[in-house]
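Shown next, in structure tokens, is the structure this report addresses.
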Amino acid sequence: MTTTETNGSGQETSHSAAGISADEIALYDRQIRLWGMKAQEKIRSANILLITMKALANEIAKNLVLAGIGSLTINDHAVVSEADLGAQFFLSAEDGHLGQNRAVAASASLQRLNPRVKVIVDTDDIRTKHSSFYSSFDIIIATDLDADTLNVINTATRIHGRKFYAAGSHGLYGFLFADLIEHDFIIERQRSNLSTTLGPETKTRSIVSVAPKEPDNKDSNHIELVTKRELYSTWLLASSDASHLPPDILSSPRRKRAVTPILSCLRALWQFTSTFGVPPTGPELLTNHTALAAFTQMCSDKHKALGLPAETLRAELLRSFLQNVGAELAPVAAVLGGQLAQDVINVLGQTQQPIQNFVVFSGESMEANVYALHPREGELGRGLLPVTMGVIEAAAEVLEKEGQTTDLMGLGGQHLGGQPGQQQQLSSQMEGVEQQQQQQQQQANGVSTEQSTSAGQQQQEQQGSSADAGTA
């Protein structure tokens, strides 16, 4: 593995295990007043991995480093291109970043934000990592990756009991996902006349203990500390049709109409990319009517699987989504990156309710809606560990004993239903879809595929303007 460690003066930084120094207390005074000394100590000792240094990860890294985490490892094997300069503020052509590794290019500016934080650069392809790589981190954050790679990384983090976040942005739209497995947090509240009952509050949240707060003044005698536990699903389940919206949403027609159709579009995007190996963008797809019809059908199917009314998935929404796939807009990255970084801080401090478990953002409505997406039946949390974890881990160990290089993406993809390494021509990939579309041609999809095709053609013309908008 290729790694480097730097600080603001070009030397490796170190932290005392004895506690926070007076200088650090002065530096972090405002946030210590917000979440307390104990939470700051936990933040200070955190070791976090951040994957793919694009605009969204830039924002996440900035917020975590300024908060004073212990160390941040930034992983990216790609090099800086001209497209990266539009919305990624750590990069510039004037500094000679073009052609450099993205993580290396961003590291110097990132380190200058807070020399006390250890910044580590990893330039390996994350898909080649063995699952044990993730065991040394407290939290893993994967950004702007395809769904199959996120499946494999999340599987590895579950093997080692590590908290996992996924995030992605597409122009005006984006998402956050959290799999904290089982996370305990403590809230302070006024003691009620009725005793607090231990047990489940919702499908995912339960109260596990209640204790009086140690009195530090006369008001503290009426405060109790309530420990709650949140249970989570894996990315593999939460991002697929296996998970559903909560019953309180599905039982209300008004609330179903309020669910953003961007959730259906995102699920269709992940399925399309997993099926065909490429997202529904780029010159080779923009003129392919069959591909665009397939994406439209996937959106309709995902919308129906979520139990949402067909009229909320409009042709103009599909057109807008397709025009934004793959684009980076700095304001959207700032909103999503700030929200994810704040949730990481909350999780480390264990004093506030974390995200449960999906956030879908729309820059058109400026709303970030939270949806708890889980299977209707079965266990959550640690009881959800899939058998594929043991298979992947055992296969990886056998390969290592035999002296062979472990390709975690290959192993995980095989056991998670993927077909890594099998790249077919686009025309042959679309052949089966085209036959299916001919059979379903007379059925009402609720969305005009002709309008979606027109959206794809417009996207090709507007790609240049999207990059300009991100810079603005």
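The values are calculated or read from the model by the stated rules, or taken from the named source; none is laboratory data. All of these numbers come straight from a predicted model, not from anything done at the bench. Positions of Cβ are generated from backbone atoms using ideal geometry, with glycine treated the same way; all protein chains shown enter the neighbour counts. Quick note on the areas: whole protein, heavy atoms, side chains included, nothing else; ligands and nucleic acids left out. Shrake-Rupley method; radii C 1.70, N 1.55, O 1.52, S 1.80 Å.
Tabulated results
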| read-out | value |
| --- | --- |
| Residue within segment 78-89 that is on the phi < 0 side of the Ramachandran plot, of a type in the set (Phe, Trp, Tyr) and part of a helix (DSSP H, G or I) present | no |
| Residue match in segment 213-225 (condition: of a type outside the set (Asp, Glu), open to solvent by 40 Å² or more (accessible area, probe 1.4 Å) and either in contact with a helix residue (DSSP H, G or I) (Cβ under 8 Å, 6 or more places away or on another chain) or touching a residue at least 60 places away in the same chain (Cβ under 8 Å) (or both)) | yes |
| Candidates Leu245, Leu266, Leu231, Leu237 - the one that is under 30 Å from Gln190 (Cα atoms), touching a residue at least 40 places away in the same chain (Cβ under 8 Å) and buried (at least 17 other Cβ atoms within 10 Å of the Cβ) | Leu231 |
| Tally of residues being under 12 Å from Ile345 (Cβ atoms), of a type in the set (D, E, K, R) and either open to solvent by 50 Å² or more (accessible area, probe 1.4 Å) or in contact with a strand residue (DSSP E or B) (Cβ under 8 Å, 6 or more places away or on another chain) (or both) across segment 23-66 | 1 |
| Only listed residue being within 21 Å of Leu306 (Cα to Cα) and out of contact with any Leu (no Cβ under 7 Å at 6 or more places or on another chain), chosen from Gln350, Gln356 | Gln356 |
| Checklist (1) over 18 Å from Ser240 (Cβ atoms); (2) open to solvent by less than 60 Å² (accessible area, probe 1.4 Å); (3) modelled with pLDDT of 95 or more applied to Leu399, failing item | (3) |
| Tally, over segment 153-200, of residues that are open to solvent by less than 30 Å² (accessible area, probe 1.4 Å) and either among the aromatic types (Phe, Trp, Tyr) or assigned to a strand (DSSP E or B) (or both) | 16 |
| Odd one out for Ile345 among (1) in contact with a strand residue (DSSP E or B) (Cβ under 9 Å, 6 or more places away or on another chain); (2) closer than 19 Å to Phe185 by Cβ | (1) |
| Test: residue in segment 27-48 that is modelled with pLDDT of 85 or more and part of a strand (DSSP E or B) | yes |
| Boolean, Gln339 is touching a residue at least 12 places away in the same chain (Cβ under 8 Å) and under 29 Å from Phe90 (Cβ atoms) | yes |
| Residue count for segment 331-362, restricted to those that are among the aliphatic types (A, V, I, L, M), open to solvent by 30 Å² or more (accessible area, probe 1.4 Å) and touching a Phe, Trp or Tyr at 6+ places or on another chain (Cβ under 9 Å) | 1 |
| The lone exception for Arg127 - which of (1) over 22 Å from Gly168 (Cα atoms); (2) at pLDDT 90 or above it fails | (1) |
| Segment 244-262, residues that are in contact with a Phe, Trp or Tyr (Cβ under 7 Å, 6 or more places away or on another chain) and within 16 Å of Gly171 (Cβ to Cβ) | Ile262 |
| Residue that is modelled with the lowest pLDDT [pool: residues in segment 208-242 that are of a type in the set (S, T, N, Q) and more than 30 Å from Leu150 (Cα to Cα)] | Ser220 |
| Test: residue in segment 128-150 that is over 24 Å from Lys54 (Cβ atoms) and open to solvent by less than 10 Å² (accessible area, probe 1.4 Å) | yes |
| Residue that is nearest to Leu231 (Cα to Cα), among those in segment 370-383 that are out of contact with any helix residue (DSSP H, G or I) (no Cβ under 8 Å at 6 or more places or on another chain) and outside any loop (DSSP other than H, G, I, E, B) | Gly381 |
| Segment 94-109, subset open to solvent by 50 Å² or more (accessible area, probe 1.4 Å) and part of a loop (DSSP other than H, G, I, E, B), residue farthest from Asp125 (Cα to Cα) | Glu94 |
